[in-house]
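Student: The structure under discussion is supplied below as structure tokens; questions concerning it will follow.
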Amino acid sequence: MAKIRGIKPETWTDETFVELTPLARLLFIGMWNYACDNGHLEDRSKQLKMRVLPADDCNVAELLRELENHGRIVRHEGWIEIPTLREHQRIDKRWFATCDKPGCTKPDAENANPQRETRRGHDEATARPQRAHDVATSGPRDELSGVELSGGDGDSPSPATAPRGASTDVEREFNDWWDHYPRKVGKGQARKAYRTARKKASADTLVAAVEQQRLHLTAKGPEFCPHPTTWLNGERWADEPPPALTVVTDDPATLPPVEQTWMRRRPQ
């Protein structure tokens, strides 16, 4: 099952990543979409060629050997493992996907994101005690981005003290969610509702819930789909998975892209 994945900007300038040939880099990133959340996928070079590099004149078997030699993947008994996948992806345990590889299981809740726990321990160990002056002069902060909203004396926050990229990341996540939501109305209000929702659920959870509910949201027609703000304020991402629907149409092109793909692939 393919999944939406993210890539960090610093990946492109990583010293070991840039040593790979361009197509090996592209294959490595493309494999993330088809790996389970433990980083496993079948070691089938022809299948990967058709999935990731269908129009490129290349030998995927050789590219896989290159990735293995650089330590990017581990190959064993017909399976490929991407050891670092879970370190770079925000994976919600409620949507955790496993595969048929022996021993591939869903992690326990307390171990679902070991990198986050490691980082939290590092922050607690290295944080300096807050002085009385800091408490007196610091203003309230946005709970999601950590950006100071106003100073203790009522002045606007200084750009130098705000974490760079924090608001940009949230805006990027919102735009990704907006692209997936089937009804595009009230974007400004939806953006505010999204910021509130992100304090309760991860970006991957919000996108995955929309994809799972898409057929039901649009079943009666686009005009009956809830407004994006209504969906977010109602915490609809926490709804129980909807029952399967049967779509009957002679023209799959009239359906949204996800449903078009489903119609073309469904058994006849």
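The values are calculated or read from the model by the stated rules, or taken from the named source; none is laboratory data. All values derive from a computational prediction rather than experimental measurement. Ideal geometry is used to build each Cβ from the backbone, glycine not excepted, and the neighbour counts take in all protein chains shown. Surface areas here come from the heavy atoms of the whole protein model, side chains and all, with no ligands, DNA or RNA. Shrake-Rupley method; radii C 1.70, N 1.55, O 1.52, S 1.80 Å.
Student: With respect to residue 193, determine if the residue is over 27 Å from residue 33 (Cβ atoms), small (Gly, Ala, Ser) and touching a helix residue (DSSP H, G or I) at 6+ places or on another chain (Cβ under 6 Å).
Tutor: yes
Student: Sticking with this one: Taking region 55-92 only, how many residues are more than 24 Å from the chain's Cα centre (by Cα), in a helix (DSSP H, G or I) and within 25 Å of residue 103 (Cα to Cα)?
Tutor: 4
Student: Give region 1-11 a look and list any residue that's exposed (fewer than 11 other Cβ atoms within 10 Å of the Cβ) and outside any loop (DSSP other than H, G, I, E, B), or say none.
Tutor: 9, 10
Student: Being within 16 Å of residue 35 (Cα to Cα) and open to solvent by 70 Å² or more (accessible area, probe 1.4 Å) is the filter here; which residues of region 50-67 pass it?
Tutor: Passing the criteria: 50, 51.
Student: Here is a follow-up. Being modelled with pLDDT under 90, of a type outside the set (Asp, Glu), more than 15 Å from residue 92 (Cα to Cα) and in contact with a helix residue (DSSP H, G or I) (Cβ under 9 Å, 6 or more places away or on another chain), is that true of even one residue in region 196-212?
Tutor: So far as region 196-212 goes, no, none of its residues is modelled with pLDDT under 90, of a type outside the set (Asp, Glu), more than 15 Å from residue 92 (Cα to Cα) and in contact with a helix residue (DSSP H, G or I) (Cβ under 9 Å, 6 or more places away or on another chain).
Student: Six or more apart or on different chains, Cβ under 9 Å: which pairs go from a residue in region 169-196 that's open to solvent by less than 50 Å² (accessible area, probe 1.4 Å) to one that's part of a helix (DSSP H, G or I) and among the acidic types (Asp, Glu)? Could you list them?
Tutor: Close Cβ pairs (under 9 Å, with a partner that is part of a helix (DSSP H, G or I) and among the acidic types (Asp, Glu)) amount to 180/211; 194/173.
Student: Scan region 38-54 residue by residue and report those that are over 24 Å from the mean Cα position of the chain (by Cα) and in a helix (DSSP H, G or I).
Tutor: 45, 46
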